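The values are calculated or read from the model by the stated rules, or taken from the named source; none is laboratory data. Predicted model, so just to flag it, every value in this text is computed and none were measured. For neighbour counting, all protein chains shown are included, and Cβ atoms are generated from backbone atoms with ideal geometry for every residue, glycine included. To get the accessible areas, we keep the full protein, side chains included, count just its heavy atoms, and leave off ligands, DNA and RNA. Shrake-Rupley method; radii C 1.70, N 1.55, O 1.52, S 1.80 Å.
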Amino acid sequence: MRSASKEISEPVVTAAPEAEAPDPAVLTDAGWHAEGDPYAVWSWMRRHSPVHHHPAGDLPAFWSLTRYADVRAAYRDPATFSSRQGVLLRPSDQGVDPGGGMTLALTDPPRHKQLRAVVADWFTTRAVREIEAAIHTAVRGSLEQVRTAPVVDFVHDIAGRVSMYLIGSLMGVPERDHESLFRWTNEAFEAGVSLAAHQDLMRYFIAMMEQRLAEPTDDLVSALLGGTVEDELLTEEEVLLNCENIVGATENGRLAIAGGMAAFLDHPDQWRRLGADRSLLPSAVEEVLRWTSSATHSMRTATRDCEVGGRRIAAGDRVVLWVPSANRDEDVFTAPDSFDIARSPNRHLALGIGEHFCLGATLARAQMRILYGELLDRTDRIEAAGPAHPVRSIAVAGPETLPIRLVYR
Ligand code: HEM
């Protein structure tokens with residue numbers, strides 16, 4: 001990794017001769033996302049083919065959008081760019097996403113707004129402020145659990161545990177079951193299958209649903225069960241799939257938190273800077289979000305013929321918004337390849353924008369702020385304790401394992 005200070009001093013190259021044009025087809029290769037350099041390809045595409053057509057292969061044909069302005073505009077136009085057929089590229093033989101029209105992520109307006117209203121109260125700034133104490137408890141608990149371990153896997157032992165503890169609490173999962181929830185989501189994640197395919201997890205949520213139907217309480221599952229859209233109660237299938245959607249989305253939280261830690265290990269000057277000035281925590285979190293861009297792509301399906309960047313997109317075409325590329329667009333960000341925790345402005349798109357803006361945004365931000373703050377309070381320094389392994393995925397990015405050593409005060 002290059003250091004931030006070196007990158008800051010490097011001029012932004014706008015029209016250097018390209019040694020060799022990369023092949024945008026590599027963007028469909030999960031192994032290549034993990035081991036190659038997708039940023040180099042996106043950089044080339046932003047300059048030379050910002051609205052790029054990929055022919056069908058294992059994946060169906062799709063368009064790639066790589067410029068910030070195009071990605072932002074597509075996110076903000078759900079009437080033209082629908083989420084209903086799925087928001088992630090899926091192999092052609094798997095067909096369209098079965099959750100279409102049922103989960104928050106896969107619903108279009110006007111239904112989407114009503115569905116979101118069923119759960120939105122749990123994720124507002126005020127709601128998250130009310131559970132700040134619980135976030136501190138979750139963070140301290142996870143750090144206590146690894147206090148004597150010589151080497152800690154930051155992804156599994158800290159970021160994952162904190163993320164799952166919080167979402168489990170909101171959903172009403174009793175604390176004694178958090179470890180199981182954590183294990184099942186990890187297993188689904190490691191096997192690269194959707195959470196819905198995980199029978200133990202689904203059985204657990206079905207049992208929980210039956211309990212809450214008999215005896216509703218003040219939790220997210222009860223809210224979904226009592227929720228109405230277009231004057232009709234959600235079906236049990238819709239409740240289940242939305243639970244899956246929300247639990248599954250926390251994977252992004254863990255990847256961003258852990259990706260941020262990896263960025264700080266690569267840029268120790270920025271960690272020291274944060275330690276010396278905690279008022280930088282909010283902007284540091286935004287920079288971690290931009291830098292890690294852990295949700296790699298969002299897909300949409302065009303509902304009508306339209307034009308983007310001079311290319312004709314036909315009704316029914318799939319359009320892929322590459323978020324990390326938008327977040328390094330040199331037309332929007334000064335020195336986009338520098339990790340700068342004081343960056344301002346920083347209008348990244350890591351959490352999406354518009355109708356489907358990340359439901360868990362405030363929660364994810366608070367979690368990061370509190371966890372990094374607590375680590376700075378407790379440790380003299382944090383060291384890498386072995387190689388980190390990246391996830392192999394075209395949908396999410398970040399470390400799958402990140403061995404570290406915490407050197408306490
Ligand atoms: C830093 C971590 C996170 C990142 C980078 C992230 C990223 C995103 C992005 C890019 C979207 C928009 C997807 C689209 O438009 O197709 C989104 C939506 C969503 N996120 Fe997050 N997310 C994070 C954390 C969370 C957490 C912790 C939760 C759990 C509560 C969550 C729940 C959701 C849900 C339910 C949606 C769908 C919202 C809707 O369609 O209305 N996210 N997220």
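Approximating the spin labels as points 7 Å out from Cα along Cα→Cβ, the E35-to-T235 distance works out to 4.3 nm.
Over segment 275-409, with the other protein chains present, what is the accessible area per residue in square angstrom, probe 1.4 angstrom? It would help to have the intermediate numbers written out before the result.
Details: 5160 Å² over 135 residues.
Counting only protein heavy atoms, the per-residue value for segment 275-409 is 38 Å².
Each principal axis of the Cα cloud of segment 49-130 was evaluated for its coordinate range; sorted largest first, these ranges are 48, 30, 23 Å. Per residue, segment 90-249 exposes 49 Å² of accessible surface when a 1.4 Å probe is rolled over the protein heavy atoms with every protein chain present. Computed about the Cα centre, the dipole magnitude for segment 177-305 is approximately 760 debye when only Lys and Arg (+1) and Asp and Glu (-1) carry charge, each at its Cβ. Per residue, the average separation of C-alpha pairs within less than 8 Å and at least 6 apart gives segment 143-262 a relative contact order of 30 percent. Taking 37 °C and 0.692 mPa s as conditions, segment 55-183 diffuses translationally at an estimated 180 µm²/s according to Stokes-Einstein applied to its Kirkwood radius (Cα pairs). Of all the C-alpha pairs in segment 247-381, what % are more than 21 Å from each other? Within segment 247-381, distances greater than 21 Å cover 46 percent of Cα pairs. Only helices reaching 18 angstrom along their own axis (Cα) with mean Kyte-Doolittle hydropathy no lower than -1.0 count here, and for the DSSP H runs of the chain these are 132-145, 178-191, 199-214, 236-266, 361-378. Where in segment 64-81 does the amide nitrogen come within less than 18 Å of the point 7 Å from the Cα of R347, taken along Cα to Cβ? So the set is 66-78. Taking the convex hull of the alpha carbon positions in the chain and averaging its projected area over all directions gives 19.8 nm². Here segment 319-409 is described by how far its Cα atoms reach on the three principal axes: 46, 30, 29 Å, from widest to narrowest.
Under 5 Å from the amide H of F62 lie the amide H atoms of H54, each residue being 5 or more positions distant or on a separate chain, with H modelled from the backbone and absent for Pro and chain starts. Shape analysis of segment 294-363 based on the Cα gyration tensor places the equivalent ellipsoid semi-axes at 27, 17, 9 Å, largest first.
Apply the a/c threshold of 1.5 to the C-alpha gyration tensor of segment 117-216 and tell me whether it is rounded, prolate or oblate. Oblate, because a/c is 1.5 or more while a/b does not exceed b/c.
What's the carbon and sulfur percent of segment 324-377's accessible surface, probe 1.4 angstrom, rounded to a whole number?
Values: 830 of 1780 Å².
Answer for segment 324-377 is 46 percent, counting heavy atoms of protein chains only.
When shorter helices are ignored and each DSSP H run of at least 4 residues is given -39500 (n - 2.57), the per-residue value for the chain at 222 nm works out to -13500 deg cm²/dmol.
Place a +1 charge on the Cβ of each Lys and Arg in the chain and a -1 charge on the Cβ of each Asp and Glu, then give the dipole magnitude about the Cα centre in debye, rounded to the nearest 20.
Values: 41 positive and 57 negative charges, 205 e Å.
For the chain, the charge dipole is close to 980 debye.
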